[in-house]
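Take a look at the structure set out below.
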Amino acid sequence: MGMNKHALEIWSPQLRNRRQVDVYLPPSYESESRRRYPVVYMHDGQNLSDPFTAFGGTTWRLEGALDRLASGGLEAVVVGVHNMGEQRIAEYTPFADAKHGGGRGDRYVRFLADVVKPKIDTRYRTRPDRPNTAILGSSLGGLISLYAFFLRPSPFGRAAAMSPSIWFGGRRILEFVEQARQVRGRLYVDVGTEEGAGTLRDARALARILRGSGYRSNRGFRYVEANRHRHQEHDWALRLPGALEFLLRAD
């Protein structure tokens with residue numbers, strides 16, 4: 001049995017908008033009626049599996065990645081939260097940028113934590129505790145995933161920040177992460193070596209801060225530099241299976 005996808009429409013009182021949220025149920029969901037699953041919340045939901053809605057027609061090939069993981073015994077409910085187009089920058093940025101504005105990330109994270117998550121946990125057989133709740137995104141979605149993981153209190157005990165836009169808001173996320181110190185959970189960070197010197201420098205700076213705070217490769221932390229990868233959907237799709245496998249692995 002393959003993946004089963006549901007589409008929901010959810011109103012955000014924090015952001016005063018309504019968006020589509022796609023729920024991908026694992027292959028065993030229907031046959032194992034008492035089993036509960038960890039949940040991965042992913043940003044830019046329209047890019048995950050449908051080429052008609054994906055940016056540039058290139059998807060993250062999510063369903064194939066989940067099927068491969070399921071064949072290895074790793075299954076999860078994945079929630080693809082669609083972005084709101086022109087409001088994407090504002091919603092995915094915790095700090096304002098002098099040139100690009102933004103800074104409504106707090107409201108977006110509260111929307112996920114206080115509206116989306118309770119709806120998912122009520123409607124589906126999830127494991128709602130923090131260690132079984134993950135958040136994942138790329139670019140600005142990677143930035144807001146980092147913020148959501150280190151924000152206290154946070155329901156997200158696992159996070160993957162793929163090619164995070166650390167530059168936004170004068171690199172304030174680095175100071176935020178350093179001040180937050182170590183939190184319990186699993187954390188994955190990556191970057192492509194062809195994303196530009198500044199992006200690579202920022203990712204390495206983040207990795208240094210994390211290691212200085214106590215994050216270790218054998219203790220729930222992974223930092224990846226993907227050779228010749230660029231800042232694009234195609235390359236995030238290639239790295240997605242590894243990021244998900246790391247997030248879903250038992251401690």
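The loop-placed trypsin sites (Lys or Arg not before Pro) in the stretch 1-103, going by DSSP, that have at most 15 neighbouring Cβ atoms within 10 Å of their Cβ come out as ARG16, ARG34, ARG35, ARG36, LYS99.
Summing charges over neighbours of LEU66, with a neighbour being any other residue whose Cβ is under 14 Å away from its Cβ, gives -2 when K and R count +1 and D and E count -1.
Percent relative contact order of the stretch 2-93, based on C-alpha pairs within less than 8 angstrom and at least six residues apart? Taking the mean separation of contacting Cα pairs over the length of the stretch 2-93, I get 34 percent. Once you order the gyration tensor axes a ≥ b ≥ c over the Cα atoms, which shape class does the stretch 1-54 get: rounded for a/c under 1.5, otherwise prolate or oblate by comparing a/b with b/c? Here the stretch 1-54 falls in the oblate category.
Protection proxy ranking of 215-226, 152-163, by the mean of other Cβ atoms within 10 Å over each peptide's residues and highest first, is 152-163, 215-226.
Simple rule: put +1 on each Lys or Arg Cβ and -1 on each Asp or Glu Cβ in the chain, find the dipole, and look at TYR24, PHE55, ALA243; the Cα lying farthest toward the positive end is ALA243. The chymotrypsin sites (Phe, Trp or Tyr not before Pro) of the stretch 1-98 meeting both criteria, a DSSP state outside H, G, I, E and B (loop) and at most 11 other C-beta atoms within 10 angstrom of the site's C-beta, are PHE52. The distance linking the stretch 35-51 with the stretch 210-238 is 19 Å (Cα centroid to Cα centroid, whole angstrom). Rounded to the nearest 500, the helix-only mean residue ellipticity at 222 nm of the chain stands at -9500 deg cm²/dmol, with each DSSP H run of n ≥ 4 adding -39,500 (n - 2.57). Between ILE209 and ARG172, full extension at 0.36 nm per residue minus the direct alpha carbon distance yields a gain of 12.0 nm. For ALA226, what charge total do you get from the other residues with a beta carbon under 11 Å from its beta carbon, if Lys and Arg give +1 and Asp and Glu give -1? Net of charged neighbours comes to -2.
For the chain, the Cβ-based charge dipole about the Cα centre amounts to some 840 debye (Lys, Arg positive; Asp, Glu negative; other atoms uncharged). Taking every C-alpha pair closer than 8 Å and separated by at least 6 residues, the mean separation divided by the residue count of the stretch 99-251 gives a relative contact order of 19 percent.
Could you please state, rounded to a whole Å, how far the C-alpha centre of the stretch 55-75 is from the C-alpha centre of the stretch 105-162? Between the Cα centres of the stretch 55-75 and the stretch 105-162 lies a distance of 19 Å.
Assuming charge only on the beta carbon of Lys and Arg (+1) and of Asp and Glu (-1), the dipole of the stretch 1-134 about its Cα centre is about 360 debye to the nearest 20. Each Lys or Arg adds one and each Asp or Glu takes one away; over the other residues whose Cβ falls under 11 Å from the Cβ of PRO51, this sums to -1. Counting only DSSP beta bridges with both residues in the chain, the antiparallel share comes to about 35 percent.
I'd like the orientation of helix 140-150 relative to the chain: the angle between its Cα long axis and the longest Cα principal axis, in ° from 0 to 90, rounded to 10. Tilt of helix 140-150: around 90 degrees.
The slack in the chain from ALA98 to THR193, taken as 0.36 nm per residue of separation less the alpha-carbon distance, amounts to 31.5 nm. Ranking SER154, THR122, GLN14 by Cα position along the charge dipole of the chain, where only Lys, Arg, Asp and Glu carry charges on their C-beta atoms, puts SER154 farthest toward the positive end. Carbon-plus-sulfur accessible fraction, the stretch 163-228 (probe radius 1.4 Å, protein heavy atoms only): 40%.
For TRP11 and THR58, the FRET efficiency from 1/(1 + (r/R0)^6), where r spans their Cβ atoms and R0 equals 35 Å, is about 0.75.
The values are calculated or read from the model by the stated rules, or taken from the named source; none is laboratory data. As the structure is a computational prediction, the values presented were derived from the model and not from experiment. With ideal geometry, Cβ positions are generated from the backbone for all residues, glycine too; neighbour counts draw on all protein chains shown. Ligands, DNA and RNA are excluded from the accessible area calculation, which covers all protein heavy atoms including side chains. Shrake-Rupley method; radii C 1.70, N 1.55, O 1.52, S 1.80 Å.
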